[in-house]
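Trainee: Encoded as structure tokens, here's the structure I'll be asking about.
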Amino acid sequence: MFDEKWRFRDCPWCGLRDTELRKISTFGTPRPDGGIEVYTLCSCPRCAKPISFHHNGQNESPPELFGVIPEDGEESRPVQNLPENVERYYLDARRVLDAGVPDAAAVQLRRTLEAAAAKFGHEERQLVKRVEGLIDDGLITKGFGDVLHLVRKVGNLGAHATDERVDEDTARAVLGLTTQILRNLFEIPHVLEALTAEAPPPPTEEQLEQDLAGSLQTSFEGEDGSPPS
Ligand SMILES: [Zn+2]
């Protein structure tokens, strides 16, 4: 049976923390052997995306969970490997944008970008200067330069009492841009690092000579009974 406790979790789609998922329905899917697999479909109260729980039958007690689709975990975050304060601003921005408050989202996106640039030592007062600094460092590609006007637009938000309003389309555009910048800054280097760590470094000349000497010795001694390599 479904356990109501399972509904309290992080949304694997939008990252909303410790939310209470809405229960939509419980249904069975037929197996070829005549049995039934039981699922309960829930949805996130913020992004409305579906989360399915695969569990034992409605009359079976205690409740047993076989799996959740999509699975929780690092992979399900919109951008991986973000520093904590950057992630907090970024997820807040997504949350308020989904709640229909683009102005507030733009302010959170500005904070996201400010905090991200600060991690790389760019702490200029103007956001646009920080982003230009990241471009100069080669940390974000030149193509992003075309969208500096978007950055400029959100850069002034919250700084003056007479803020201009940001509409939903602009806020979504800035969100898309911010997501790309964050991937460039934090996710891609992390993935590359992991790949390099997995692949052993190329052998040095000295190591190659040693290996050669070692394999010659093995082939003469035939210690392990394996054919000489
Ligand atoms: Zn969600």
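The values are calculated or read from the model by the stated rules, or taken from the named source; none is laboratory data. This structure is a prediction, so every number in the text was calculated from the model and none was measured. Neighbour counts run over all protein chains shown; Cβ positions are idealised from the backbone, glycine included.
Trainee: Hey, any hits in the stretch 35-58 for a residue that's acidic (Asp, Glu) and assigned to a helix (DSSP H, G or I)? Steps first, answer last, please.
Mentor: Quick first cut of the stretch 35-58, residues acidic (Asp, Glu) only: 37.
Narrowing the set further to residues that are assigned to a helix (DSSP H, G or I) leaves none.
Checking the stretch 35-58: not a single residue is acidic (Asp, Glu) and assigned to a helix (DSSP H, G or I).
Trainee: Out of 67, 28, which single residue is more than 16 Å from the ligand (Cβ to nearest atom) and over 30 Å from the mean Cα position of the chain (by Cα)?
Mentor: Details: 67 fails: over 30 Å from the mean Cα position of the chain (by Cα).
Unique residue meeting the criteria: 28.
Trainee: Any idea which of 78, 62 is assigned to a loop (DSSP other than H, G, I, E, B), of a type outside the set (Phe, Trp, Tyr) and modelled with pLDDT of 90 or more?
Mentor: Working: 78 fails: modelled with pLDDT of 90 or more.
After applying the criteria, what remains is 62.
Trainee: Among (1) under 30 Å from residue 184 (Cα atoms); (2) within 16 Å of the ligand (Cβ to nearest atom), there is one condition residue 116 misses while meeting the rest; what is its number?
Mentor: Residue 116 satisfies all of (1) under 30 Å from residue 184 (Cα atoms); (2) within 16 Å of the ligand (Cβ to nearest atom) except (2).
Trainee: A further question on this structure: For the stretch 40-51, what are the residues that are touching a Phe, Trp or Tyr at 6+ places or on another chain (Cβ under 6 Å) and more than 8 Å from the ligand (Cβ to nearest atom)?
Mentor: Of everything in the stretch 40-51, just one residue is touching a Phe, Trp or Tyr at 6+ places or on another chain (Cβ under 6 Å) and more than 8 Å from the ligand (Cβ to nearest atom), namely 40.
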